[in-house]
Every structure is written in C-alpha cells, then in structure tokens.
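These notes concern the structure reproduced below.
Every number in this text was worked out from the coordinates using simple rules, so none of it is lab data. Bear in mind that the values here come from a model prediction, so they are computed numbers and not experimental data. Cβ placement follows ideal geometry from the backbone for every residue including glycine, while neighbour counts extend to all protein chains displayed.
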Amino acid sequence: MHEVDMTRCLLLSMNEWKQQHEPRIPRVSQVHLQVGSFTCVEPDQLVFTWRVAVQNTWLDGAELVIEPVPLVGRCVRCNATYSPDPEQAYRSPCCQQPMEEIVSGRELRIRSVDYAFSDHPADALPAATPA
Amino acid sequence: MHMPLEDTLGLNLLAANQHQAEHNREHFDAWRLLCLNVMSSPGAGKTSLLERSLAALAGAYAMAVLEGDMTTQLDAERLEAVGVPVVPITTGRSCHLDAAMVSGGLKLLRQRLDPAELDLLWVENVGNLVCPAEFEVGEHRKVALLSVTEGDDKPLKYPVMFREAHCVLITKIDLLPYLPVQLERIEAHIRQVNPHCAVIPVSATSGEGLEAWHQWLKAQVAAIAPAAPAALVSA
C-alpha cells in the first residue's frame with residue numbers, strides 16, 4: 001500500500017502550492033497527474049487513497065485525474081522507438097536488443113491543478129483577462 | 001464569478017520525499033561516506049549477506065547500518081553481534097523506508113557516533129521488491145538482491161527494482177545444484193531491463209563470489225570519497 005505514502009507526498013506538495021496563494025484559499029476541482037506504466041504505482045489505488053485522504057480537508061471534493069503514460073523504449077541499435085513487452089523480456093522487436101533507453105513510462109508527475117477562488121469578496125480576483 | 005484557473009506544476013509526485021533524500025545525501029557527502037540502499041524481497045538474504053560483508057570489511061572500513069524492519073528488531077540484533085553499530089528503524093505499516101525515516105535513523109546514529117568517521121553506511125530496506133525502488137533515501141548506490149530460489153522470471157515481473165539497481169547480487173548460489181534454474185538465465189533477464197549494472201553471483205553460506213562483491217564495493221567507496229565537499233553540513 002505504498003500509494004498511501006505517495007498520496008501523503010502529493011498532499012505535502014499541494015499544501016505548499018496552497019501557501020503560494022495565501023491568504024486566499026483556492027478551491028481545487030481537479031489535480032492532474034501523469035503516471036508512467038513503468039512505475040510501481042497502481043492508478044486506481046492512488047485515486048482511492050486520494051479520495052479518502054482529502055475528506056474534510058481544503059481539498060475535499062477535488063478529483064484526482066491520472067493520465068497514464070505508456071512505456072516506450074528506444075532501440076540502441078537502430079534508434080526506433082517501441083513498446084517494451086514483459087512477455088518478450090522487454091527486448092526491441094526490430095533488433096532484439098535489451099531495454100536500454102527508456103523514452104517514457106517512468107513519469108510520476110503532478111502536471112497541473114484546476115482551481116477557482118470562491119465568491120467571497122475577500123477572495124475576489126482582480127480583473128483578469130480570460131485565458 | 002468563478003474564474004477557472006490552471007497552474008502548471010510539473011512537480012515530481014514524490015517531491016516531498018526527494019527533497020528529504022537530497023538533504024540526507026548532502027549530509028552523507030559532507031561526512032564523506034558511501035550510502036548503500038540494499039533492497040530485495042523478504043528472505044532473499046540481505047541480513048546474511050550483511051553479516052558476511054560487515055565481518056569481511058570491518059578491518060578496511062568504519063561502517064554502520066540502518067536496519068529497516070516492519071515490526072521487529074531481530075535483524076538488528078543479528079547484525080549487532082558482528083560488532084558494527086546498528087540503528088533499527090521500525091517502519092510499522094509501511095512496506096519501505098522513506099527519506100524521513102532514514103533521517104530519523106541518522107539522528108539516533110549520531111547519538112552514538114560521529115558519522116564523519118564512517119566510510120560506509122548500509123541501509124537495509126524492508127523486504128519488498130516493489131515500492132522501495134520508488135522511494136529514494138539519499139543513497140549513492142542501490143543494491144538489489146535476487147535469490148536463486150525466487151526463480152529466473154523475477155527481473156521481468158518486478159522490472160523497476162532491477163532497472164534502478166546499480167548492482168544486482170544473485171544470492172544463494174550454493175543452492176543451484178538443487179534447483180531447476182539456470183544462473184545464466186537469471187542474469188540474462190536482469191540484463192534485459194538493465195544492460196549495464198553490475199551482476200554478481202554470491203553465496204553468503206559458501207562465501208563464493210563475496211570477493212567480487214567486495215571489490216565492487218571498494219570501487220564505489222573510492223569513487224565517492226574524493227568527490228565529497230570538505231565543509232560539514234549542520235544537522
């Protein structure tokens with residue numbers, strides 16, 4: 001259940017992010033993660049522990065959205081990218097090389113946060129140009 | 001009016017752990033010691049290997065051990081018997097050591113000795129082939145153990161651990177005559193996910209391969225020490 005510890009790390013980062021907006025408290029609707037398939041993270045477990053962990057906190061109701069990132073290797077012999085398959089011992093299908101270079105799949109990244117400030121006057125935003 | 005906003009963070013999910021791990025490593029560098037993170041599944045032979053290596057290297061290096069264990073201090077007691085300082089870190093529910101736990105272990109260690117006098121700090125992680133690979137503790141080198149009794153498919157089933165390791169020790173090779181596994185096959189599977197790491201077959205029972213393993217270790221200690229900054233970092 002290391003997803004519990006990962007969630008704890010994630011909450012620490014979120015608390016730091018919140019401090020950047022003080023004294024206003026952002027209302028977070030979504031937190032977007034990128035999670036590579038060549039990591040020890042089970043996305044469903046992470047979403048579950050997140051839901052439990054944020055209850056009755058300032059993040060209550062915020063949704064954790066996980067973008068899976070596939071494992072992509074690059075063949076060291078011919079430079080072609082490929083999808084390493086454990087059934088094929090991760091070797092490149094083009095030249096039968098071992099998995100040396102990993103192009104993607106090791107990501108464990110907090111990509112972005114979607115949020116708003118409440119209607120409370122003290123929290124009102126200055127006039128801003130819409131993105 | 002609700003203004004939808006988006007902040008791009010691009011932060012590592014484990015940033016909080018990584019910051020602590022970097023802090024630990026700064027201490028290790030200031031103390032000019034090599035920190036090893038020793039990982040494997042339960043029962044692969046971490047403690048038996050440490051017993052042999054600590055005894056063999058005690059004349060050459062000043063060493064200490066941070067011993068991760070979920071509930072007991074049994075391993076710590078085994079290692080203390082060798083005569084090397086051991087700080088047990090009981091992790092409770094957690095199935096791995098993280099950088100904060102190791103930092104706590106360092107504080108306890110410093111009550112007993114000055115780490116600047118150490119050459120080598122062993123961190124024996126909790127037995128687990130999955131999550132210790134993702135939680136850095138500030139180590140300079142990761143060492144993974146795989147015993148021949150676990151079967152030759154484990155590097156392919158738990159690839160992240162073997163991918164991350166700088167050195168993989170294939171342990172319990174004295175049992176090979178009794179098992180339907182081939183050493184070459186185990187090594188080949190490790191190489192499929194990590195073509196350039198050191199792979200050293202050893203037996204803590206017969207002593208076979210330990211000399212090669214200790215040579216690897218000595219090369220790592222020699223590689224780390226000169227690069228360390230001279231100034232000491234405060235706690």
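Points to keep in mind about this one:
- Mean residue ellipticity, 222 nm, helices only, chain B: the sum of -39500 (n - 2.57) across DSSP H runs of n ≥ 4, divided by residue count and rounded to 500, is -10500 deg cm²/dmol.
- With loop membership from DSSP and a limit of 16 other Cβ atoms within 10 Å, the longest segment of chain B without trypsin sites (Lys or Arg not before Pro) is B:113-235.
- Lysines with Cα under 23 Å of residue B:142, excluding same-chain neighbours fewer than 8 positions away: B:46, B:107, B:154, B:157, B:172, B:218
- 5 Å-binned pair-distance histogram of segment B:10-90 (Cα, whole percent): 3, 12, 20, 22, 18, 15, 6, 3, 1, 0
- For segment B:22-224, alpha-carbon Rg and Dmax in angstrom: 15.9, 48
- For chain B, the relative contact order comes to 26 percent (Cα pairs under 8 Å, sequence separation of at least 6).
- q = 0.10, 0.11, 0.12 Å⁻¹: log10 I(q)/I(0) that the Debye formula gives for the protein assembly as shown, counting C-alpha atoms only: -0.71, -0.84, -0.97
- Diffusion coefficient, µm² s⁻¹, Stokes-Einstein with Kirkwood Rh over alpha-carbon pairs of chain A at 37 °C and 0.692 mPa s: 191 µm²/s
- Most fluctuating residue given options A:86, A:70, A:98, as computed from a GNM of chain A linking Cα atoms under 10 Å: A:86
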